[in-house]
Each structure stands twice: as C-alpha cells, then as structure tokens.
Ligand code: FES
C-alpha cells in the first residue's frame with residue numbers, strides 16, 4: 001500500500017501513475033509516510049533497519065516451482081544471488097512469478113509465454129526495485145523473462161538453471177533427445193513393458209534443463225550472447241559449484257547494473273541479436289529460439305530481417321558437435337570454453353563490439369578454447385545453414401527447417417500431402433492401418449499455429465505412421481504451422497506462416513496435393529494450380545472463444561515470423 005494511494009492524491013492522471021510504477025528502491029529512503037510504510041512492512045518481514053536502507057534494491061524474479069522440475073534448482077540459486085547482492089552493498093528481494101514447464105503445461109507452454117512476460121514486466125515495474133535478476137530455465141521461462149525485462153526497462157541480468165546431469169540407459173549415457181526414437185520403438189512394438197518402466201526412471205536424473213542443445217540451453221546461450229547473462233555461464237551444469245559461483249557473481253553484477261542505470265535497451269541491440277542467431281546456427285540450436293529472438297527484438301523496437309537471417313545462416317557453419325545436431329555432450333562443449341570460445345571461433349563473422357554480460361565488449365571476453373567438440377570456421381563440424389529459413393507458395397511469410405537435424409535424402413523432395421486437421425485428428429488417425437501413406441508422402445498438420453493451437457504446441461515433429469515404422473522408415477517430410485521440441489530431429493518444416501487458422505495457404509491443402517521442399521533453394525511450395533486453389537473452400541479453423549485469456553490470446557497473438565508476441569506489447573520500430 002502507498003500512502004499516496006490511501007489519501008487519494010495520486011489520481012491526477014496517467015503520467016503520474018506510470019512514473020509511480022517506475023519508481024525504484026528510493027521508496028525505502030523516503031522520509032515521508034510512503035517510505036515509513038515500506039520500511040515498516042519490510043522490517044515486519046524480518047529485514048533489519050540497516051537492511052531496508054541498503055541500495056540498490058535488487059529484485060530476484062524466480063520461476064522456481066514444484067510444477068517445473070527443470071527449474072527446481074532455482075530456489076537454492078536465489079540464495080546465492082542474494083549473497084552476491086549483499087556483498088556488493090545491495091538489498092535483495094526475491095519474488096515469484098508464474099512458471100512454465102514443457103512437460104505439464106497445456107495446450108502448450110508457448111500459449112502462456114506472453115503471460116509470463118507480462119507478469120515479469122508488471123512485477124518489475126510495480127515493485128520498488130532498481131534492477132532485477134531473472135532466474136529461468138525451462139524453455140519458455142527465460143525468453144519470457146527477457147521480453148518482460150526489456151519492456152520494463154529496469155536494469156536486468158539473467159541466470160539459467162543449467163543443464164541437468166546425464167543419466168544412464170542400459171549402460172549408455174542417456175540424454176533427453178533419445179526419448180523420441182524410444183517412443184517410436186514402443187509404438188512399433190519393439191520396446192517392452194520392462195524397458196518402458198526403466199525409461200521412466202532414467203529419463204530425467206536431477207533438476208536442471210534438458211541436457212542437450214534444446215530450446216532451454218539454446219536460450220541460455222542466446223541470453224549470454226546478447227549480454228543479458230554473465231559470459232561463460234550458459235553451459236555450467238545445474239547443481240555444480242560453478243553454477244553457485246555464477247549465481248553470486250550475477251547478484252554482484254546486478255548491483256553494478258542498477259548503480260549504472262543500464263537498461264536492457266542499452267545491452268540488447270540489433271547487432272547482438274544477429275550475433276545470437278549466428279551462434280544459434282553454429283550450435284545447431286532450437287528452431288523455437290528464432291521466434292523468441294523476434295519477440296525480444298519487437299519489445300525494443302528492433303527487427304530481425306529474414307533476408308539478413310538467411311544470409312547469417314548460410315554463412316555460418318556448424319561449429320559445435322553437440323546433441324541433437326551432433327554427438328557430444330554439453331559438458332564437453334563447456335569444457336571447450338562454452339560461449340566465449342564459440343564467439344572466439346566466430347570472430348570473423350560476429351560483431352565483437354557488442355556487450356557481454358560483464359560489461360566488456362565481446363572482443364575482450366573471447367577465449368581460444370579447446371577442440372574436443374568445437375570446430376573452426378575453416379574446419380567446421382558441419383555445413384553452413386543449420387537453420388534453413390524457407391518461403392514459397394505454401395508459406396508466403398516464412399517457415400523454418402533445422403537442416404542439421406534433417407535427413408539428407410529428403411531435403412529436396414516432392415511428395416503427396418497426407419492431411420491432418422489439428423492434434424486430435426492427428427492422434428486419431430496417424431496409426432490407422434487404412435491411412436494412405438508411404439515413404440514418399442508429406443505429412444501435413446494444420447490448426448496447430450499460434451491462433452489455431454492455440455500457442456503452437458510442439459507437435460510439428462509428427463509421428464511416423466506405425467505401419468511405416470514397422471517397415472523401418474525413420475523419417476518423412478513433415479510440414480505444419482506448429483513448433484517442434486528443440487530436442488527432436490527429422491525433416492520437419494515448422495512455423496508455416498500465415499498459419500491455417502488465419503487463412504494461410506495451409507488452409508487450402510487437400511489430401512493428395514503435391515508439395516515440394518527444396519532446402520537448397522529455401523523453398524516450400526504447394527504445387528496446385530492457383531485457379532483451382534481460388535475455388536477451394538478453406539479449412540474453417542478453430543471456433544471463436546468468448547472469454548478469458550484464450551480470447552485475449554487468439555485476438556492479439558501475432559504470427560511466428562513476428563515472434564508470436566501480443567500486438568499491443570510490441571514497440572514501434574526505431
Ligand atoms: Fe524443461 Fe526441457 S523440458 S528444459
């Protein structure tokens with residue numbers, strides 16, 4: 001409660017309310033009634049008289065939740081962040097926000113990403129804090145926090161949960177991307193009940209994010225590249241003493257940022273976002289991150305041009321031999337020097353004058369690093385173009401394919417469409433023995449985009465029909481307006497925009513239509529005569545929803561190529 005609210009003198013207009021919301025920790029130094037109330041309530045919570053007078057006040061936005069085991073280590077890390085804040089002279093105050101777990105949230109965690117971003121923004125704005133440490137981890141938490149912090153405009157720095165330990169499956173290292181083929185083995189009848197039960201017990205050994213270059217770790221890497229996390233922290237394992245040290249140092253850095261008034265808009269620039277995409281290509285990272293990068297850019301009035309991104313992808317070889325695009329483990333890449341070594345290997349391609357999270361330009365941060373899992377531009381791990389940005393008559397506003405995870409014999413392919421209208425239809429028919437499908441077919445899912453999903457569920461990695469699995473088929477061309485887990489692989493065209501639910505060409509496709517994918521030419525085309533298409537009745541899309549967050553979401557979410565943010569949260573470019 002604010003004294004000014006009590007006496008009703010703060011209702012003189014919108015401007016004064018905005019200024020009030022942007023107030024920081026000086027509230028606790030206020031000699032009048034507001035300061036007295038603030039200090040008094042805080043002391044009632046167990047803070048000393050000296051403690052409430054420390055400055056700056058650093059919020060710790062924590063997405064720890066028992067409903068999100070990936071973020072299960074964040075409560076402990078928050079204690080070490082506080083240690084760093086206090087050591088640097090600040091006053092730490094931890095607060096919760098909502099948390100989004102990939103494994104549990106339905107219809108998809110993406111559906112609630114913008115809600116978490118709004119939660120973060122509003123709490124940072126409304127609270128008497130001068131800066132904030134963002135504790136995230138599981139896929140959507142970190143991007144949402146970065147979006148919210150970018151909009152709030154107070155100094156901010158992030159720390160991820162870190163990748164969880166690698167477990168063991170039948171005596172072999174088990175990382176999370178192995179789940180998908182094992183599920184296919186089960187569907188094909190080749191994994192018995194005993195194996196299924198053992199899989200449950202070793203799928204996730206310990207707290208922390210998925211232990212390959214999936215969406216969560218890709219986002220942690222991106223946060224580091226754009227200067228919103230301390231250099232060298234993205235790949236540090238969850239539960240390690242190095243992550244504890246990283247937490248303390250992050251707390252100290254938050255105090256420096258708050259004292260300097262360094263807002264995210266001074267750290268994240270067009271150049272740093274382009275660096276982030278370049279590193280994403282160099283590690284064969286998650287396609288989801290492309291959406292998050294556009295969303296973060298939009299919060300700052302920036303924009304990532306698709307032609308520029310395509311040029312970056314085409315000129316950036318795969319440098320990191322890590323799963324799922326390669327064979328290595330994250331701690332091996334960490335041992336090679338992590339992101340500072342990656343930035344060093346990319347020094348001729350990236351802009352090293354951008355800021356790292358400790359305030360230095362990347363030029364002064366890069367290290368040479370090892371070579372166990374890290375190649376060079378001259379001797380890369382894989383070809384350039386790990387993330388292929390497509391367009392064509394089926395996706396006029398774009399689509400994406402993770403080339404580093406695709407089958408080489410399918411990246412140029414023409415096949416007949418096998419249509420599925422939404423996830424329920426897919427689940428009901430994919431294993432139907434009567435389904436007309438063969439190795440050359442193109443599986444097409446519509447109604448799973450931002451509006452249609454809603455929230456673009458990670459179902460773009462459509463299952464291989466059981467009758468093909470039983471014949472040993474492991475990959476097909478798949479096309480959808482959905483997303484795909486960063487841990488999955490296959491020849492999968494994702495994020496088709498505009499999606500079917502808003503009238504994109506996907507809405508006009510019929511069973512048996514020819515579809516052509518040509519990754520070299522960056523194209524995905526529907527080979528149907530335009531005159532015939534014009535006469536077709538489009539798929540009708542989802543039923544309109546009358547209330548609640550779903551209504552807000554469906555009415556305001558933008559398409560994948562624009563970051564799937566709400567249209568009213570984007571800042572005008574420039
Ligand atoms: Fe949480 Fe992968 S499911 S990080």
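Any chance you could count how many residues in segment 50-69 are over 22 Å from residue 259 (Cβ atoms) and touching a helix residue (DSSP H, G or I) at 6+ places or on another chain (Cβ under 7 Å)? Outline the logic, then answer.
Applying the first criterion (over 22 Å from residue 259 (Cβ atoms)) to segment 50-69 yields 62-69.
Going one step further and asking which of them are touching a helix residue (DSSP H, G or I) at 6+ places or on another chain (Cβ under 7 Å), we end up with 62-65.
Here the count works out to 4.
Of all the residues in segment 155-209, those that are under 30 Å from residue 255 (Cα atoms) and within 14 Å of the ligand (Cβ to nearest atom) number 8. For segment 215-228, the criterion of being touching a strand residue (DSSP E or B) at 6+ places or on another chain (Cβ under 8 Å), outside any helix (DSSP H, G or I) and crowded, with 17+ Cβ neighbours inside 10 Å is satisfied by at least one residue. For residue 478, state whether it is surrounded by 20 or more Cβ atoms within 10 Å (Cβ to Cβ) and assigned to a strand (DSSP E or B). So residue 478 passes the test. Kindly establish whether residue 55 is within 16 Å of the ligand (Cβ to nearest atom) and outside any helix (DSSP H, G or I). Criteria not met by residue 55.
The single condition among (1) in contact with a strand residue (DSSP E or B) (Cβ under 8 Å, 6 or more places away or on another chain); (2) modelled with pLDDT under 95 that residue 527 does not satisfy is (2).
Only residues that are surrounded by 24 or more Cβ atoms within 10 Å (Cβ to Cβ) and part of a helix (DSSP H, G or I) were counted in segment 254-271, giving 5.
Condition (residue is assigned to a helix (DSSP H, G or I), in contact with a helix residue (DSSP H, G or I) (Cβ under 6 Å, 6 or more places away or on another chain) and within 26 Å of residue 153 (Cβ to Cβ)) applied to segment 330-346: is it met by at least one residue? Yes.
When residues of segment 98-131 are filtered for being in a loop (DSSP other than H, G, I, E, B), surrounded by 23 or more Cβ atoms within 10 Å (Cβ to Cβ) and more than 16 Å from the ligand (Cβ to nearest atom), how many remain? Of the residues in segment 98-131, 2 are in a loop (DSSP other than H, G, I, E, B), surrounded by 23 or more Cβ atoms within 10 Å (Cβ to Cβ) and more than 16 Å from the ligand (Cβ to nearest atom). Against the condition buried (at least 24 other Cβ atoms within 10 Å of the Cβ), within 16 Å of the ligand (Cβ to nearest atom) and at pLDDT 95 or above, how does residue 148 come out, does it pass? Answer is no for this residue.
I'd like the residue in segment 65-76 that is surrounded by 24 or more Cβ atoms within 10 Å (Cβ to Cβ) and closer than 21 Å to residue 241 by Cβ and, out of all such residues, is nearest to the ligand (Cβ to nearest atom). Selected residue: 70. Exactly one residue out of 199, 191, 249 is touching a helix residue (DSSP H, G or I) at 6+ places or on another chain (Cβ under 7 Å), surrounded by fewer than 24 Cβ atoms within 10 Å (Cβ to Cβ), free of Cβ contacts under 8 Å to residues at least 24 places away in the same chain and over 22 Å from residue 405 (Cα atoms): that is 191.
Just for segment 481-521: of the residues that are at pLDDT below 95 and buried (at least 24 other Cβ atoms within 10 Å of the Cβ), which one is nearest to residue 541 (Cα to Cα)? So, considering only residues that are at pLDDT below 95 and buried (at least 24 other Cβ atoms within 10 Å of the Cβ), the one nearest to residue 541 (Cα to Cα) is 484. Residues that are loosely packed, with under 11 Cβ neighbours inside 10 Å, without any contact (Cβ under 8 Å) to a residue 12 or more places away in the chain and within 26 Å of residue 509 (Cα to Cα): does segment 540-562 have at least one? Checked segment 540-562: at least one residue is loosely packed, with under 11 Cβ neighbours inside 10 Å, without any contact (Cβ under 8 Å) to a residue 12 or more places away in the chain and within 26 Å of residue 509 (Cα to Cα). Of all positions in segment 100-112, none carries a residue that is in contact with a strand residue (DSSP E or B) (Cβ under 6 Å, 6 or more places away or on another chain) and at pLDDT 95 or above.
Taking residue 212 as the residue in question, decide whether it is within 12 Å of the ligand (Cβ to nearest atom) and either assigned to a strand (DSSP E or B) or more than 24 Å from residue 565 (Cα to Cα) (or both). Criteria met by residue 212.
Does any residue of segment 77-86 turn out to be crowded, with 18+ Cβ neighbours inside 10 Å, within 23 Å of residue 234 (Cα to Cα) and within 16 Å of the ligand (Cβ to nearest atom)? Among the residues of segment 77-86, at least one is crowded, with 18+ Cβ neighbours inside 10 Å, within 23 Å of residue 234 (Cα to Cα) and within 16 Å of the ligand (Cβ to nearest atom), which makes the answer yes.
As a summary of the residue check, residue 238 satisfies the conditions (1) at pLDDT 95 or above; (2) in a strand (DSSP E or B) except for the one numbered (2).
Being in contact (Cβ under 8 Å) with a residue 12 or more places away in the chain and more than 16 Å from the ligand (Cβ to nearest atom) holds for only one residue in 488, 534, 507, and it is 507.
Being within 21 Å of the chain's Cα centre (by Cα) and closer than 23 Å to residue 491 by Cα is the requirement here; does residue 321 meet it? In short, yes.
The values are calculated or read from the model by the stated rules, or taken from the named source; none is laboratory data. No experiment lies behind these values; they were computed from the predicted model shown. Quick reminder, even Gly has a Cβ in these numbers, built from the backbone with ideal geometry, and neighbours come from all protein chains shown.
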